[in-house]
Amino acid sequence: MTPARGMKTGNSKAVVFDLGKVLVDFDYAIAARNLAARGRLTAPAILDFFRDSPWLLQYEEGLLDSAAFYEQVRQVTGYGGSREEFGVSFGDIFQPIEPMIQLHAELRQSGLPTYVFSNTNEFAIRHIRRHYPFFGHFDGYILSYERGAMKPDPRLYEVVEEVAGRSGRDIVYLDDRPENIATGLSRGWRAILQETPERSRQVLRAMGLVDQ
């Protein structure tokens, strides 16, 4: 019989990973250059647009779908490619953080359930699923654009607890942003501010979750 979602199985702890700057690095300047090659704005102007416009945040919060986001960016930048081509150009901004991917693999091998908990968007997730096999090796995914909320909104942390079937100190959480960590700590989670992969490994080792 398959366990119901949220039911505890195996280890009583779960490890929850942020995605950007924890498992993969990213740089929107790459997307700006990609789009500028087929549009009327320069790469710096497109990067400023991403930083200043509310549309990227609305897209990651699920208030715009991919078609609407593409159309908004196309109108502003003059991008001449199709939506599929845009998705490739916009999503190709990542580099894996290999020590963290290895750390995740060790946690999985030890039997710990793991989850991705990220402010992100559909184009980004499509690209990561396609190009980074490690992304398929989690027990669940709590993604802002699918849930209609963004960290550090406590409602999204409640979803993590529901999906993982755990709360309080049974959740170990890694994130690179202090405000996101603060909300986890307020719920009793054991939260680790990601500063370097070495530091995160050291803290997890002190918790007894990895060997070395």
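Within the range 70-84, if we keep just the residues that are touching a Leu at 6+ places or on another chain (Cβ under 8 Å) and not in a loop (DSSP other than H, G, I, E, B), the residue that is farthest from Leu35 (Cα to Cα) turns out to be Gln72. In the set (1) closer than 20 Å to Ile181 by Cβ; (2) part of a helix (DSSP H, G or I), Gly87 fails one condition alone, (1). Just wondering, is there one or more residues in the range 164-177 that are more than 19 Å from Lys13 (Cβ to Cβ) and not acidic (Asp, Glu)? For the range 164-177, residues more than 19 Å from Lys13 (Cβ to Cβ) and not acidic (Asp, Glu): present.
Those residues that are of a type in the set (A, V, I, L, M) and not in a helix (DSSP H, G or I), I need them from the range 99-150; list them, please. Before you say what the answer is, go through the steps one by one.
Of the residues in the range 99-150, the ones of a type in the set (A, V, I, L, M) are 100-101, 103, 105, 107, 112, 116, 124-125, 128, 142-143, 149-150.
Across the range 99-150, the qualifying residues are Leu112, Val116, Ile142, Leu143, Ala149, Met150.
Among residues of the range 1-22 that are over 16 Å from Met100 (Cα atoms), those with a beta-carbon under 6 Å from a residue that is at pLDDT below 60 and among the hydroxyl-bearing types (Ser, Thr, Tyr) at least six positions away or on a different chain give the pairs Pro3/Thr9. Any idea how many residues of the range 21-46 are open to solvent by 30 Å² or more (accessible area, probe 1.4 Å) and assigned to a helix (DSSP H, G or I)? The total comes to 6.
If we scan the range 69-81, do we find a residue that is within 30 Å of Trp189 (Cα to Cα), over 16 Å from the mean Cα position of the chain (by Cα), open to solvent by 50 Å² or more (accessible area, probe 1.4 Å) and modelled with pLDDT of 95 or more? No: the range 69-81 contains no residue that is within 30 Å of Trp189 (Cα to Cα), over 16 Å from the mean Cα position of the chain (by Cα), open to solvent by 50 Å² or more (accessible area, probe 1.4 Å) and modelled with pLDDT of 95 or more. Just one of the listed residues (Gln95, Gln58) is of a type in the set (S, T, N, Q), surrounded by fewer than 18 Cβ atoms within 10 Å (Cβ to Cβ) and in contact (Cβ under 8 Å) with a residue 60 or more places away in the chain, namely Gln95.
The values are calculated or read from the model by the stated rules, or taken from the named source; none is laboratory data. Please read all numbers here as calculations on a predicted model, not as lab measurements. A quick note on method: Cβ atoms are made from the backbone with ideal geometry, for glycine too, and the neighbour counts reach across all protein chains shown. These accessible areas exclude ligands, DNA and RNA; they are computed on the full protein's heavy atoms, side chains included. Shrake-Rupley method; radii C 1.70, N 1.55, O 1.52, S 1.80 Å.
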